[in-house]
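Read through the structure below, which is laid out as structure tokens, and then see the notes.
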Amino acid sequence: MTLILGGARSGKSAYGEMLALKNFSSPIYIFTAQAWDDEMKSRIKTHRKRREGKNWKDIEAPIELGTAIKNNAKSDNCILVDCLTLWLTNILLAGQDIDDAINELLQMIKACPGEIILISSEVGLGIVPDNSMARRFRDLSGKLHQKLAMEAENVLLMVAGIPMVVKGKL
């Protein structure tokens, strides 16, 4: 497992896509974003356009991410998940039990027979949020990242499009 963390527009997705295509001819792209507004629709379109003609299989899983991983994992392929912080937001907004959702996701990831690349936004490096919901989100994403990093073979932090090795190797 490779975990790629970074801030907004740090190059996380593009780097993850490059890693997946480096060793696999038709990787699976599981995206968690929901097109709630025009700006998010534009972001999703930009991501899809970048993958055009590169033999990706796209799967939408805004909430049932663990199930999507389980149903599509193969020992001879790669799954790229983009992005865990959006998935976490979706779980919170849906009112689901966050601990259960995280534990289920971790179990599905651990059981994944093939390569898996996880993309997530590092939100804990900024100022302390001014409201309890934002602080809870920051804390939950930090805990999720810690759990994933403990299991991951490689952990990368993207800064200005450059991958920095936190754990493992490039």
Checklist line | Options GLN34, ALA14, ALA73, ranked by Cα towards positive dipole end of the range 1-76, top entry (Cβ charges) | finding: ALA14
Notebook entry, point to check: What is the range 73-170 by shape, rounded, prolate or oblate, if you read a ≥ b ≥ c off the alpha carbon gyration tensor as root eigenvalues and call it rounded for a/c under 1.5, prolate for a/b larger than b/c, and oblate otherwise?
Noted result: oblate
Next item on the list: State the antiparallel share, in %, of DSSP beta bridges confined to the chain, rounding to the nearest 5.
Entry: 20
Item checked: Positive-pole candidate from MET108, LEU86, ASN23, dipole of the range 2-167, charges at beta carbon -> ASN23
Item checked: Size of charge dipole - the chain - debye, nearest 20, with Cβ of Lys, Arg +1 and Asp, Glu -1, no other charges -> 560
Notebook entry, point to check: Average projected area of the Cα convex hull of the range 2-167, in nm²?
Noted result: 9.4
Notebook entry, point to check: Where Lys and Arg each count +1 and Asp and Glu each count -1, what net charge lies around ASP99 among other residues with Cβ under 12 Å from its Cβ?
Noted result: -1
Notebook entry, point to check: Going by average Cβ neighbours within 10 Å, how do the peptides 150-161, 62-73, 114-125 rank, with the highest at the top?
Noted result: 114-125, 62-73, 150-161
Check: Label points 7 Å out from Cα along the Cβ direction at LYS110 and GLN146: separation in nm?
Finding: 1.7
Next item on the list: Any chance you could run the full-extension gain for ARG135 through THR46? It's 0.36 nm times the residue separation minus the Cα-Cα distance, nm to one decimal.
Entry: 29.1 nm
Check: Given the Cα-Cα distance of LYS70 and ASP37 and 0.36 nm per residue of separation, how much length would full extension add, in nm?
Finding: 8.9 nm
Margin query: For a quick check: sort TRP87, TRP36, TRP56 by the number of other beta carbons within 10 angstrom, fewest at the front.
Written below: TRP36, TRP56, TRP87
Note to self: How big is the dipole moment of the range 59-140 about its Cα centre under a simple scheme where the beta carbon of each Lys and Arg is +1, that of each Asp and Glu is -1, and everything else is neutral? Debye, nearest 20, please.
What the structure shows: 80
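Read-outs throughout are calculated quantities, based only on the coordinates presented, and are distinct from any laboratory measurement. Please read all numbers here as calculations on a predicted model, not as lab measurements. In this analysis, Cβ positions are derived from the backbone assuming ideal geometry, glycine residues included, and neighbour counts consider all displayed protein chains.
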